[in-house]
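S.K.: Below is one structure. I have some questions about it.
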Amino acid sequence: MCALRFETAFDAPRASQTARFFASPMGQRLEKAELAALRERLSGCAGARALVLTAGVDERLADALPVARRHIVRLSAEETVLPARRRAISSGAITVADPANLPFENDAFDVVVSLHGLDLADRPQQALRELSRVLAPGGRLLMTGFNPWSSWGLRRFLTPRQAPWNSHFLGARRVGDWLSVLDFTLGDLCHVHYRLPEPWGWPFWEHPGLNGLKAWLQPPLGAAWVLKARHAPALALPEARSLRRSRRAVVGSPSAARESGSILRFPENDDRAR
């Protein structure tokens, strides 16, 4: 069994409430739709190490990542959701950490997956900078977030203190602007889970007969968005100019040094010498 390690004292009540929401049937339906969209976008997400930062209860996406080592960061240590957790088989140590203060070195991962990490962070921009810091140049970033332009976003006005409607609900375009500042190249963007935010979950747009129409229209009205981005690769620095040639010119004859430009002549000094 994987060890559970606490790196920071972060365990906000909002994160605990969101974990309990994802353990409910309505939350599990949303998380299932998000994980299905993420699995479709794993092409190119290969490397040595991967980080999965999740606010939900299903951690089995880590098993699908084509990497050698996997690390999971939970945003909450809520014990009531332990029976509902679906743990990954191939993950290493599990950490409970603040998404704005990740306990990892720079460029530590080739793939980073964040499931509602920005929605629950006290400082979303700082959390995004932390994801950029731990992601190696050229690495892939997969993110999910609650869509403010959906029926789930409208419900925030009715139940602003209940999870998950007490989270930030950042728009995908806004997060994309932040990523562009951090030298990310934006990739695929889609919206998932077109159900109303009710326990009975009226399956609007989820009918199989509407799949073709949904793929053609791509309405940005789903409960959550899924975004894929690529971290800019490191720039190759020009090689340092060798000084051996100029040093040989200085050690050699004075005429060779003058031709190479290693010795500066001052006409006034020559006139005084005469």
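S.K.: Considering only the stretch 153-173, how many residues are under 15 Å from Leu120 (Cβ atoms) and not in a loop (DSSP other than H, G, I, E, B)?
M.R.: 1
S.K.: Which residue pairs have Cβ atoms closer than 6 Å, lie 6 or more positions apart in sequence or on different chains, and pair a first residue in the stretch 79-105 that is hydroxyl-bearing (Ser, Thr, Tyr) with a second residue that is crowded, with 19+ Cβ neighbours inside 10 Å?
M.R.: If the second residue must be crowded, with 19+ Cβ neighbours inside 10 Å, the pairs left are Ser90/Arg70; Ser91/Ala62; Ser91/Arg70; Ser91/Ile72; Thr95/Val73.
S.K.: Let me ask something else about it. Taking the conditions exactly as written (out of contact with any helix residue (DSSP H, G or I) (no Cβ under 7 Å at 6 or more places or on another chain), in contact (Cβ under 8 Å) with a residue 24 or more places away in the chain and surrounded by 16 or more Cβ atoms within 10 Å (Cβ to Cβ)), does Ser76 satisfy them or not?
M.R.: The answer is no for Ser76.
S.K.: Considering only residues of the stretch 129-152 that are touching a residue at least 40 places away in the same chain (Cβ under 8 Å) and in a helix (DSSP H, G or I), which is surrounded by the fewest Cβ atoms within 10 Å (Cβ to Cβ)?
M.R.: Arg129
S.K.: In the stretch 132-156, what residues are modelled with pLDDT of 95 or more and either of a type in the set (A, V, I, L, M) or not assigned by TED's automatic domain parsing to the domain that holds Pro66 (or both)?
M.R.: Val134, Leu135, Ala136, Leu141, Leu142, Met143
S.K.: May I pose another question? For Gln126, all conditions in the list (1) in a loop (DSSP other than H, G, I, E, B); (2) over 20 Å from Ala62 (Cα atoms); (3) of a type outside the set (D, E, K, R) hold save one; what is the number of the exception?
M.R.: Here Gln126 meets the rest and fails (1).
S.K.: Take the conditions modelled with pLDDT under 95, aliphatic (A, V, I, L, M) and either touching a Pro at 6+ places or on another chain (Cβ under 7 Å) or in a strand (DSSP E or B) (or both) and apply them to Ala50. Does it pass?
M.R.: In short, no.
S.K.: Now a separate question. Could you tell me whether His168 is surrounded by 14 or more Cβ atoms within 10 Å (Cβ to Cβ) and either more than 19 Å from Glu130 (Cβ to Cβ) or at pLDDT below 75 (or both)?
M.R.: Considered against the rule, which asks whether it is surrounded by 14 or more Cβ atoms within 10 Å (Cβ to Cβ) and either more than 19 Å from Glu130 (Cβ to Cβ) or at pLDDT below 75 (or both), His168 comes out as no.
S.K.: Can we say Asp119 is more than 16 Å from Thr54 (Cβ to Cβ), surrounded by 21 or more Cβ atoms within 10 Å (Cβ to Cβ) and within 13 Å of the chain's Cα centre (by Cα)?
M.R.: When the stated conditions are applied, Asp119 does not pass them.
The values are calculated or read from the model by the stated rules, or taken from the named source; none is laboratory data. Because the structure is a prediction, the values reported are computed rather than measured. We place every Cβ from the backbone using ideal geometry, glycine too, and count neighbours over all the protein chains shown.
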